1. Can you pull out every residue in segment A:113-159 that is out of contact with any Ser or Thr (no Cβ under 6 Å at 6 or more places or on another chain) and not in a helix (DSSP H, G or I)?
2. Could you count how many residues in segment A:114-142 are among the basic types (Lys, Arg) and away from chain B (no Cβ under 14 Å)?
3. Determine which single condition A:PHE186 fails, assuming it passes every other condition in (1) under 24 Å from A:HIS34 (Cβ atoms); (2) part of a helix (DSSP H, G or I).
4. Here is a list of conditions, (1) surrounded by fewer than 14 Cβ atoms within 10 Å (Cβ to Cβ); (2) at the interface with another protein chain (Cβ under 10 Å from one of its Cβ atoms), and B:VAL65 meets all of them except one; can you say which number that is?
5. Which pairs have Cβ atoms under 6 Å, sit 6 or more apart or on different chains, and link a residue in segment B:23-42 that is on the phi < 0 side of the Ramachandran plot to one that is aromatic (Phe, Trp, Tyr) and assigned to a helix (DSSP H, G or I)?
6. Among the listed residues A:GLY156, A:GLY205, which satisfies the condition of being surrounded by fewer than 19 Cβ atoms within 10 Å (Cβ to Cβ), free of Cβ contacts under 8 Å to residues at least 40 places away in the same chain and more than 24 Å from A:LEU57 (Cα to Cα)?
7. How many residues does segment A:65-81 hold that are facing chain B (nearest Cβ under 9 Å), surrounded by 16 or more Cβ atoms within 10 Å (Cβ to Cβ) and either out of contact with any Gly (no Cβ under 8 Å at 6 or more places or on another chain) or more than 24 Å from A:GLU162 (Cα to Cα) (or both)?
8. Tell me the residue from A:ALA170, A:ALA111 that is surrounded by 16 or more Cβ atoms within 10 Å (Cβ to Cβ) and under 30 Å from A:TRP197 (Cβ atoms), please.
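The values are calculated or read from the model by the stated rules, or taken from the named source; none is laboratory data. It should be emphasised that the depicted structure is a prediction, and the values quoted were computed from it without experimental measurement. Positions of Cβ are backbone-derived with ideal geometry, glycine not excepted, and every protein chain shown enters the neighbour counts.
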Amino acid sequence: MSSSSAGAAAAGKPPGGGHGGHGDSDERHSHNPHLAHHFDDIETQNHASRLGMWLFLGTEVLLFAGLFLGYSVYRHLYHETFRFASHTLNLTLGTINTVVLISSSLTVALAHHAVTKGKNRLALGLLGFTILCALAFLVIKGFEYNHKFEEGALPGKWFHFEEMAGMPGANMFFTVYFLATGLHAFHVIVGMAILIWVAKRLARGDFSTDYNLPVELGGLYWHLVDLVWIFLFPLLYLI
Amino acid sequence: MAENKKHIEEHGDGHEGGHGAGRYILIWAALLVFTITTVVTGRMDLGSANLPLAMVIATIKATLVVLFFMHMWEAEGILKLVFSVSLVFVAVLLLGVFGDILTRSTAALPSAANGTAIYMGADGTGHPSSPEH
């Protein structure tokens with residue numbers, strides 16, 4: 001399979017032309033251990049990987065869009081209740097978590113920048129900081145959840161939040177709150193796992209100025225986590 | 001194709017070499033300023049302006065993250081297309097559903113909507129007491 005597809009790729013390529021005539025294409029093909037056999041060169045492979053990642057991010061946007069839609073509809077139906085309920089959340093902790101995520105987005109971007117400049121030790125430190133931020137976010141969220149559990153804000157048959165007793169739609173606000181922040185927290189955990197994997201490979205010396213795509217794509221996933229929170233925070237905590 | 005690649009590489013180098021890290025820090029500072037702005041204005045009573053203002057600020061923040069942290073600013077056209085299409089479908093989803101919700105007669109909405117009736121069950125379990133749910 002390997003030899004036949006490589007042969008097909010070679011046959012489909014006009015000899016000497018098309019690639020600007022640089023003969024190092026074949027050299028890279030045989031020497032770069034990160035290049036899969038079905039790609040002509042590492043640039044093509046990187047483009048394909050980026051495209052795949054952005055397609056995935058597009059589906060992630062649509063996944064969260066469903067929850068935002070649910071929020072919007074119930075907010076429209078019960079806007080007084082939703083306004084009141086958002087004020088029962090802890091704005092200080094929510095704001096701290098926003099700053100934590102924005103800062104971790106910065107450090108993961110700087111980590112990729114450092115790898116492209118060959119500063120792998122700096123990149124490792126920045127990735128470590130990002131992972132600590134992810135952990136801090138989850139711990140703060142955990143305290144918030146715990147407080148809401150104690151107040152009886154867990155939806156469904158557990159709902160006995162006295163501050164909002166008898167308010168129509170109170171149950172729905174906390175259903176959306178726990179589903180949206182829960183799915184987001186799950187993404188934080190997955191993002192943290194990806195960044196730990198990237199950091200491990202970076203420490204092992206897998207990445208260089210020539211090959212650092214996993215750092216870049218892992219960073220993209222982390223930025224998405226930040227992106228979702230940028231919308232969740234004002235909708236749930238502020239208005 | 002080859003020329004296109006070369007162009008992207010040169011373009012990328014020009015940015016990375018000059019002010020790559022500095023630009024990230026600048027974007028981060030802007031995101032912090034917007035966060036403080038939205039927290040301060042979010043708890044002020046601006047009437048019906050609260051929601052649009054918070055959404056405008058969130059959209060600006062998200063745009064900064066996508067364009068600069070996620071490099072959409074200098075990405076190839078196909079990546080811009082793929083991501084834009086997902087945003088178009090989000091817009092279709094919102095427009096379609098709100099086209100429905102906003103044009104319904106009140107009889108077709110939950111009777112407890114906007115405080116017109118008691119929503120909570122008498123036993124306080126939170127189970128809806130109205131048959132519309």
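1. Result: A:LYS117, A:LYS119, A:GLY152, A:ALA153, A:LEU154, A:PHE159.
2. Looking only at that region, the number is 2.
3. A:PHE186 satisfies every listed condition except (1).
4. Single failed check for B:VAL65: (1).
5. Cβ pairs passing all conditions: B:ILE27/B:PHE68.
6. Only one candidate qualifies: A:GLY156.
7. Total meeting the criteria: 8.
8. Of the residues listed, the single one that is surrounded by 16 or more Cβ atoms within 10 Å (Cβ to Cβ) and under 30 Å from A:TRP197 (Cβ atoms) is A:ALA111.
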